[in-house]
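S.K.: What follows is a single structure, and I will ask about it in a moment.
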Protein chains: 2
Amino acid sequence: MQKALEQLKKIDAEITALEGAQAVLEWDQQVYMPERGVHARSEQTAGLAAIVHQKNTDPVIGDLLDKLGVSDENPLGSADLEDDDRRLVREIHRDFQRATRLPADLVSKIARVTSIAQSVWAEARRKSQFSLFQPHLEEIVKLSLEVAERLGYEAHPYDALVDQYEPEMTTAEIARVFRELREALVPLVRDIAAARQIDNSVLLKAFPVDRQEAFSRATLEALQFDMSRGRLDRSVHPFTTSLGPDDVRLTTRYDEHFFPTALFGTIHEAGHGLYELGFSRRFRGTRLASGASLGIHESMSRFWENVVGRSRAFWHHFYPVMKAEFPDQLSGVDLESFYRAINRVEPSLIRVEADEVTYSLHIILRFELERMLIGGELRVADLPHAWREQSQDLLGIVPDSDANGVLQDIHWSGGAIGYFPTYALGNVYGLQFTSRMRTDIPAMDNLLRQGDLVPVKAWLDEHIHSVGRSRTPGELCEEVTGEPMSAQPFIDYLTRKYTDIYDL
Amino acid sequence: MQKALEQLKKIDAEITALEGAQAVLEWDQQVYMPERGVHARSEQTAGLAAIVHQKNTDPVIGDLLDKLGVSDENPLGSADLEDDDRRLVREIHRDFQRATRLPADLVSKIARVTSIAQSVWAEARRKSQFSLFQPHLEEIVKLSLEVAERLGYEAHPYDALVDQYEPEMTTAEIARVFRELREALVPLVRDIAAARQIDNSVLLKAFPVDRQEAFSRATLEALQFDMSRGRLDRSVHPFTTSLGPDDVRLTTRYDEHFFPTALFGTIHEAGHGLYELGFSRRFRGTRLASGASLGIHESMSRFWENVVGRSRAFWHHFYPVMKAEFPDQLSGVDLESFYRAINRVEPSLIRVEADEVTYSLHIILRFELERMLIGGELRVADLPHAWREQSQDLLGIVPDSDANGVLQDIHWSGGAIGYFPTYALGNVYGLQFTSRMRTDIPAMDNLLRQGDLVPVKAWLDEHIHSVGRSRTPGELCEEVTGEPMSAQPFIDYLTRKYTDIYDL
């Protein structure tokens, strides 16, 4: 059995290395590749993907897992294995099942269909004409149903789709948490809308891009992001990717007349980056050195961006630092005004521009529509209408066009149905973790006020980062907080914070 | 047979794509990888190299080549094949022979030995202590002899080593050309040393690095290097690499107090880059879309750097442009003084700092020593002494230390024996090509004086670049110039140019 384990680990290390190589190619493509390099690059990524797929579906993996006693009924394998190894074989089994259950011709059909759908979507959004995109989305919904059938599920086909991004999460569980969220947030947003509006004109002043970049770098340093183990570059769509355990790359973008894009974008990506840099050394070179799920990943980025980065305590220390860098732009703006400006709440049409309170409502909208589409309760043709209805119910506003409504996000055109919920789950997990952190570090706010972020990062390293993919999101949540997923801490946090800011 | 050809082309395309992926990883490692990313990167490159090696040695290739009638006796295969296809199968056969003749354990032994040797070499050079490096170089010479035996040769084991970098070149051929060079250059250098020295103090003025970089980019544009198909970045050791037919990356380095490093370095790399961007579209995705040899590659980089970039005609147009960018630094320096300064000749100890005249002598020195080492006529222990003797004979100066002598270059520590001659062959080929170009474009100097580099690049595209690897260096030389390799055009060029500059 020891021999089978060694052999499986060798395969795992090979796959991990090749996936790292894929990440290098993708990062370069987004960040530095010259415009016309795209054709050869797609040959290279396709060639590498074919090899990785072949390795991921090698029947030898199935044989080795058998020898180690791993099965659907017993995913952790033989009790004789060490605990870390049992966690590892579970994840190898999970990936192997997924890779082998989807036939190669289905996978390549999805690649073909979504490749076309993405360019049609871009055109449809430009023209604000949903009918162009409709037949492609119909095909994608059909293919997603086939994926769900192939992967298998118990209660709802949407379960199988969500599970790809958020292991072991179910539609019912999301629905339960989102119902709590909706019931709390809709009235909160209504109350805020009725309150006196905040002046956020300071956010619109001119902040030269090169100085924004220098400030982003200084912020990364304050957040303890280690530049000998990573980089910050620019890209059109900000992202974080790990090219190796000591090579994590962040990107951001700069808007001279709206500095929060870069500043909070950088803090957000740093949250992802610190997670990727924090996996236990024990897991190096294995697939356990990755995030537990997209939701957990997002809990880390949103924790830093919002819970820390938009807190009064953080800016108590950092606002004087920022003011020294941008004295003209910030002159006459006191800490409290700045703090309110960066926390202004306003229902808006576009998800990626949404504030901390309304953001989850944008996600709930998408979840409701996806669930109905996949459940057969909503036709693609009726989607724009359903979008407008949900938008009215959740946000109290209705998009003026499909471009600002149902066509705003790229996700569906790329075949990613079941992905959106993870964004809001990140908020939910994040505040559950924060509650526990506040118990463990009672002086947390005082530390932030002094600019001391060391204990906070150390807590995350110990309880979340280091754990990596050795726990499912559900297990992690239970182990860290002692409770299953719950929206209450997030609701309490928002209610308290915005009751104060808006004097409700 | 058509089917066999299609199958072989498919394999070739797969290998080409994966080699492109390797190039991405290597470029990133040299240019942007954070310091501590090196461990994971070496796993990734090793993983990819193992796959490429496996593909390169797949016995299926041998079977397909057989079916196409390709053999050592008939490298172009069946006469029924199209001409381009015959050239392609010849190169596939060549690479397959090389890959299969070197056993895997020999290849990995060389990788191990040279990996250690490189770090020992760096230490030995730092301490200027050859004895530290000696046992490692002895091992490398032994392994190189084994490589030569495995690869096979007719007259001299060094032939087999050279052939890796310069296909079908022989030791005897190099010796013939280098003898002519030596006999002409040694007296020329002596005459120059006796002439009145040139004032090159303008080269040592302060040129701010960011403005040097902007000027390098402007120079690339003038050289018709297409930035939608490439990039210029910084690295410690300047290089050019092709990540795909429309993705060629150059690097350079900047020295505030010696602008020629970046300026002529950029022009040199642009020469490599224009070659890589100029392969015929017919060859895309095949291994014919690469340089014919290192010598031919170097002929292109040195043509642009020296024949164009250090010519009076080129600066007639570009010196006013440069003066407008750097008015303070260049004030009081007229065109003629500038032209002489960038062409100053002075025997020096370090190859990479050598001028256009003495450079080839540094190469001849290394060739003589390598040939004797591999021929068993010189022991590694006697190398420092032999170096000093040759240096005295060729350059008239003797290194003050091994660091500035036998230990100055990294090549041997990496196992690259037989590589050095290609640098000087580049000079030789380059001036043969130039002679033909001057016949085809009689107005060449006038065009350069007007800053019009279009016809020169078009000539190179047609006669050299587009041909790629479809011809051996020998075939290319014959086809372009109608003659075999000859040092005479290079000797004539240097004699004429420096007789004028130094008023000999």
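S.K.: From B:L453, B:L504, B:L447, which residue is farther than 17 Å from B:I364 by Cβ and at pLDDT below 95? Steps first, please.
M.R.: On the way: B:L453 fails: at pLDDT below 95; B:L447 fails: at pLDDT below 95.
Among B:L453, B:L504, B:L447, only B:L504 is farther than 17 Å from B:I364 by Cβ and at pLDDT below 95.
S.K.: Can you tell me which residues in region A:338-364 are in a loop (DSSP other than H, G, I, E, B), among the hydroxyl-bearing types (S, T, Y) and under 19 Å from A:V307 (Cβ atoms)?
M.R.: Step one: of region A:338-364, the residues in a loop (DSSP other than H, G, I, E, B) are A:342-350, A:354-358.
Remaining after also requiring among the hydroxyl-bearing types (S, T, Y): A:348, A:358.
Correct list: A:T358 only.
S.K.: Report, by residue number, each residue of region A:452-468 that is outside any loop (DSSP other than H, G, I, E, B) and free of Cβ contacts under 8 Å to residues at least 12 places away in the same chain.
M.R.: First, pick out the residues of region A:452-468 that are outside any loop (DSSP other than H, G, I, E, B): A:454-463, A:465-468.
Scanning region A:452-468 gives A:A458, A:E462.
S.K.: What are the pairs with Cβ atoms under 7 angstrom where one residue, in region B:340-361, is within 20 Å of B:Y493 (Cβ to Cβ) and the other, located anywhere, is among the polar types (S, T, N, Q) and not in a loop (DSSP other than H, G, I, E, B)? Sequence gap at least six, or different chains.
M.R.: B:E356/B:N306; B:S360/B:N427
S.K.: Quick one: which helices (runs of 4 or more DSSP H) lie wholly within region B:1-91 and hold at least 2 residues that are under 27 Å from B:T472 (Cβ atoms) and basic (K, R)?
M.R.: Values: elements: B:2-31, B:38-56, B:59-67.
So the answer is B:2-31.
S.K.: Answer yes or no: is there a residue in region B:139-162 that is more than 22 Å from B:R98 (Cβ to Cβ), surrounded by 19 or more Cβ atoms within 10 Å (Cβ to Cβ) and touching a helix residue (DSSP H, G or I) at 6+ places or on another chain (Cβ under 8 Å). Lay out the reasoning, then the answer.
M.R.: Our first condition is that a residue be more than 22 Å from B:R98 (Cβ to Cβ); within region B:139-162, this holds for none.
No.
S.K.: Let me ask you something else. Given the structure, is A:R229 closer than 17 Å to A:Y319 by Cα, within 14 Å of another protein chain (Cβ to nearest Cβ), surrounded by fewer than 19 Cβ atoms within 10 Å (Cβ to Cβ) and touching a residue at least 12 places away in the same chain (Cβ under 8 Å)? Spell out how you get there, then give the answer.
M.R.: Working: closer than 17 Å to A:Y319 by Cα: no; within 14 Å of another protein chain (Cβ to nearest Cβ): yes; surrounded by fewer than 19 Cβ atoms within 10 Å (Cβ to Cβ): yes; touching a residue at least 12 places away in the same chain (Cβ under 8 Å): yes.
It is false that A:R229 is closer than 17 Å to A:Y319 by Cα, within 14 Å of another protein chain (Cβ to nearest Cβ), surrounded by fewer than 19 Cβ atoms within 10 Å (Cβ to Cβ) and touching a residue at least 12 places away in the same chain (Cβ under 8 Å).
S.K.: Here is a further query. B:K497: in a helix (DSSP H, G or I) and over 20 Å from the mean Cα position of the chain (by Cα), yes or no?
M.R.: Numbers: in a helix (DSSP H, G or I): yes; over 20 Å from the mean Cα position of the chain (by Cα): yes.
Yes, satisfied.
S.K.: Tell me, which residue of region B:341-397 that is over 18 Å from B:G265 (Cβ atoms) and among the acidic types (D, E) is surrounded by the most Cβ atoms within 10 Å (Cβ to Cβ)?
M.R.: Checking each candidate, the answer is B:E370.
S.K.: Being away from chain B (no Cβ under 14 Å) and in contact with a Leu (Cβ under 6 Å, 6 or more places away or on another chain) is the filter here; which residues of region A:272-295 pass it?
M.R.: A:L288, A:A292, A:G295
S.K.: Can you find, within region B:322-337, the residue that is surrounded by the fewest Cβ atoms within 10 Å (Cβ to Cβ) among those that are in contact (Cβ under 8 Å) with a residue 60 or more places away in the chain, in a helix (DSSP H, G or I) and not hydroxyl-bearing (S, T, Y)? Walk me through it before giving the result.
M.R.: Initially, region B:322-337 is screened for residues in contact (Cβ under 8 Å) with a residue 60 or more places away in the chain, giving B:322, B:325-326, B:329-330, B:333, B:337.
In the following step, the residues that additionally are in a helix (DSSP H, G or I) were identified as B:322, B:325, B:329-330, B:337.
Filter once more, keeping what is not hydroxyl-bearing (S, T, Y): B:322, B:325, B:329-330.
Working: B:M322: 19, B:E325: 14, B:Q329: 17, B:L330: 19.
The residue in question is B:E325.
S.K.: While we're here: Going by the structure shown, is B:E146 without any contact (Cβ under 8 Å) to a residue 24 or more places away in the chain and not small (G, A, S)? Working first, answer last.
M.R.: Details: without any contact (Cβ under 8 Å) to a residue 24 or more places away in the chain: no; not small (G, A, S): yes.
Against the criterion (without any contact (Cβ under 8 Å) to a residue 24 or more places away in the chain and not small (G, A, S)), B:E146 does not qualify.
S.K.: In region B:190-206, which residue that is farther than 14 Å from B:D500 by Cα and assigned to a helix (DSSP H, G or I) is farthest from the chain's Cα centre (by Cα)? Lay out the reasoning, then the answer.
M.R.: Filtering region B:190-206 for residues farther than 14 Å from B:D500 by Cα gives B:190, B:193-194, B:199-206.
Subsequent filtering for residues that are assigned to a helix (DSSP H, G or I) retains B:190, B:193-194, B:201-204.
Details: B:R190: 27, B:A193: 28, B:A194: 31, B:S201: 29, B:V202: 29, B:L203: 25, B:L204: 27 Å.
Per the stated criteria, the residue is B:A194.
S.K.: Mind checking which residues of region A:29-43 are in contact with a Phe, Trp or Tyr (Cβ under 8 Å, 6 or more places away or on another chain) and at the interface with chain B (Cβ under 7 Å from one of its Cβ atoms)? Let's see the steps before the verdict.
M.R.: Narrowing region A:29-43 to residues in contact with a Phe, Trp or Tyr (Cβ under 8 Å, 6 or more places away or on another chain): A:30, A:32.
Listed by number, the list holds a single entry, A:Y32.
S.K.: A further question follows. State whether the residues of region A:97-106 include one that is under 21 Å from A:T472 (Cβ atoms), under 22 Å from the mean Cα position of the chain (by Cα) and touching a residue at least 60 places away in the same chain (Cβ under 8 Å).
M.R.: Looking for residues that are under 21 Å from A:T472 (Cβ atoms), under 22 Å from the mean Cα position of the chain (by Cα) and touching a residue at least 60 places away in the same chain (Cβ under 8 Å), one finds at least one in region A:97-106, hence yes.
S.K.: If you don't mind, there's one more thing I want to ask. From A:T286, A:T261, grab the single residue that is polar (S, T, N, Q) and closer than 25 Å to B:G37 by Cβ. Give the derivation first.
M.R.: Numbers: A:T261 fails: closer than 25 Å to B:G37 by Cβ.
Exactly one residue qualifies, and that residue is A:T286.
S.K.: Determine which member of the set A:R471, A:R449 is over 25 Å from A:L294 (Cβ atoms) and in contact (Cβ under 8 Å) with a residue 40 or more places away in the chain.
M.R.: On the way: A:R471 fails: over 25 Å from A:L294 (Cβ atoms).
Only one candidate qualifies: A:R449.
S.K.: B:A155 fails exactly one of the following numbered conditions: (1) assigned to a helix (DSSP H, G or I); (2) more than 25 Å from B:L288 (Cα to Cα); (3) out of contact with any Lys or Arg (no Cβ under 8 Å at 6 or more places or on another chain). What is the number of that condition?
M.R.: That leaves (1) as the condition not met.
S.K.: Only one of (1) within 14 Å of another protein chain (Cβ to nearest Cβ); (2) aliphatic (A, V, I, L, M); (3) surrounded by fewer than 19 Cβ atoms within 10 Å (Cβ to Cβ) is not met by B:L76, so which one is it?
M.R.: Only one criterion is unmet by B:L76, namely (1).
S.K.: Right, another one. Could you go through region B:13-31 and let me know if any residue there is free of Cβ contacts under 8 Å to residues at least 60 places away in the same chain, out of contact with any Gly (no Cβ under 7 Å at 6 or more places or on another chain) and over 17 Å from B:L243 (Cβ atoms).
M.R.: So far as region B:13-31 goes, no, none of its residues is free of Cβ contacts under 8 Å to residues at least 60 places away in the same chain, out of contact with any Gly (no Cβ under 7 Å at 6 or more places or on another chain) and over 17 Å from B:L243 (Cβ atoms).
S.K.: When the residues of region A:232-271 are filtered to those that are part of a loop (DSSP other than H, G, I, E, B) and within 12 Å of chain B (Cβ to nearest Cβ), which remaining residue is surrounded by the fewest Cβ atoms within 10 Å (Cβ to Cβ)? Working first, answer last.
M.R.: Our first condition is that a residue be part of a loop (DSSP other than H, G, I, E, B); within region A:232-271, this holds for A:235-239, A:245-246, A:253-259.
This time we only want the ones that are within 12 Å of chain B (Cβ to nearest Cβ), so: A:245-246.
Numbers: A:P245: 23, A:D246: 21.
Top of the filtered list is A:D246.
S.K.: Would you mind stating whether A:R282 is among the charged types (D, E, K, R), touching a residue at least 12 places away in the same chain (Cβ under 8 Å) and over 18 Å from A:H463 (Cα atoms)?
M.R.: Values: among the charged types (D, E, K, R): yes; touching a residue at least 12 places away in the same chain (Cβ under 8 Å): yes; over 18 Å from A:H463 (Cα atoms): no.
No, not satisfied.
The values are calculated or read from the model by the stated rules, or taken from the named source; none is laboratory data. What you see is a predicted model; the values in this text were computed from it and never measured. We place every Cβ from the backbone using ideal geometry, glycine too, and count neighbours over all the protein chains shown.
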